[in-house]
Amino acid sequence: MSIYTICVSNQKGGVGKTTTAVNLAAGLALRGLRTILVDMDPQANATSGLGLNPRKINRGVYQTILGISDATRSMLPAADIEKLFVLPATQDLLGVEVEMVNAVSREYRLREALKDLDNLFDFAVIDCPPSLGLLTLNALTAAHSALIPLQCEYYALEGLSQLTSTVELVRRGLNPRLALEGILLTMFDRRNNLCHQVANDARTHFPNDVFDVVIPRNVRLSESPSFGKPIYLYDRASKGAKAYSQLAETLVRKHMKATHR
Ligand SMILES: Nc1ncnc2c1ncn2[C@@H]1O[C@H](COP(=O)(O)OP(=O)(O)OP(=O)(O)O)[C@@H](O)[C@H]1O
Ligand SMILES: [Mg+2]
């Protein structure tokens, strides 16, 4: 069985990418699946969200994609979740887009680097920065699928066509296997009419692609990163934990019997 790689991506900032990547990865690992969270964002929120201090780490995604260190030597175990590892972001990742401008096959660096992990993990979940730059392109090129968090607010759908055309371009040029895993509605507040409207619009425009499970706005989800914990270890009874657990379950069901494995 080889690894299945999901890229969590949206060029809009603050839509729930990192919250989704951390809690999806933890949810998969808690189901017994060997999972690695790859932090492609120089903000390093996913790394610190799992309790690691990016300033104290000297090997991570940066060293891996530049060929300075192997993925297997750069990954770290996440605290308290046995099957979960992190390929962390460090501050030097900030300069990588500039440093790689003229590099050969620069979009394929992550894909090549992750080959070492192929037989060690069942899932890789990649957290992307809020841009469509070289780091995101590397992530989309390395992935089997893109999972797109969509925050239920004004203009949510506007950036989506830009993102789906980027996915299409990557599929045609760099990575023909890239599928759309699905659109995940995040920060849903059922008392807010606008939320319902955005959710309805998304389901109308993308009838087959919006996940049934919706992530509610839940204060416990926003608190857990400051304790360096995924939601299940912070408040497993919260609505946020239940929703992300359901998302993990959906993906396990879908991919554990998929034909590519
Ligand atoms: N379902 C939710 N309920 C409440 N707060 C949430 C929820 N999801 C995310 N948040 C909070 O919203 C903020 C943005 O979320 P997050 O960091 O996951 O977004 P992002 O898309 O990764 O942001 P960036 O584009 O900066 O990387 C964070 O403070 C997070 O804790
Ligand atoms: Mg983020």
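Grab the helices (runs of 4 or more DSSP H) fully contained in the stretch 49-138, keeping just those with 2 or more residues being at pLDDT 95 or above, closer than 29 Å to residue 231 by Cβ and away from ligand 1 (no atom under 16 Å from the Cβ).
On the way: elements: 61-65, 71-74, 96-99, 109-114.
Where helices (runs of 4 or more DSSP H) fall fully within the stretch 49-138 and carry at least 2 residues being at pLDDT 95 or above, closer than 29 Å to residue 231 by Cβ and away from ligand 1 (no atom under 16 Å from the Cβ), they are 61-65, 71-74, 109-114.
Residue 2 is checked against (1) under 20 Å from residue 180 (Cα atoms); (2) within 13 Å of ligand 2 (Cβ to nearest atom) and fails just one. What number does that condition carry?
(2)
Restricting to the stretch 47-66, and then to whatever is touching a Leu at 6+ places or on another chain (Cβ under 6 Å) and aliphatic (A, V, I, L, M), can you tell me which residue is nearest to ligand 2 (Cβ to nearest atom)?
The residue in question is 61.
Take the residues in the stretch 132-145 that are in contact (Cβ under 8 Å) with a residue 40 or more places away in the chain and hydrophobic (A, V, I, L, M, F, W, C); name whichever of them is most open to solvent (accessible area, probe 1.4 Å).
132
State which residue pairs qualify: first residue open to solvent by 70 Å² or more (accessible area, probe 1.4 Å) and inside the stretch 238-257, second residue of a type outside the set (A, V, I, L, M, F, W, C) in any location, beta carbons under 6 Å apart, and separation of 6 or more residues or different chains.
As it stands, the answer is 239/216; 239/218, since those pairs meet every condition given.
Of all residues in the stretch 4-48 being farther than 25 Å from residue 170 by Cα and free of Cβ contacts under 8 Å to residues at least 60 places away in the same chain, which is surrounded by the fewest Cβ atoms within 10 Å (Cβ to Cβ)?
Top of the filtered list is 32.
Hey, any hits in the stretch 74-95 for a residue that's open to solvent by 60 Å² or more (accessible area, probe 1.4 Å) and in contact with an Asp or Glu (Cβ under 8 Å, 6 or more places away or on another chain)?
The answer is no, given that none of the residues of the stretch 74-95 is open to solvent by 60 Å² or more (accessible area, probe 1.4 Å) and in contact with an Asp or Glu (Cβ under 8 Å, 6 or more places away or on another chain).
Search the stretch 115-131 for residues being more than 16 Å from residue 248 (Cβ to Cβ) and surrounded by fewer than 24 Cβ atoms within 10 Å (Cβ to Cβ), and hand back the single one that is farthest from ligand 2 (Cβ to nearest atom).
119
The values are calculated or read from the model by the stated rules, or taken from the named source; none is laboratory data. Computed from a predicted structure; not experimentally measured. In this analysis, Cβ positions are derived from the backbone assuming ideal geometry, glycine residues included, and neighbour counts consider all displayed protein chains. Just so you know, the surface numbers come from the protein's heavy atoms only, side chains and all, with ligands and any DNA or RNA stripped out. Shrake-Rupley method; radii C 1.70, N 1.55, O 1.52, S 1.80 Å.
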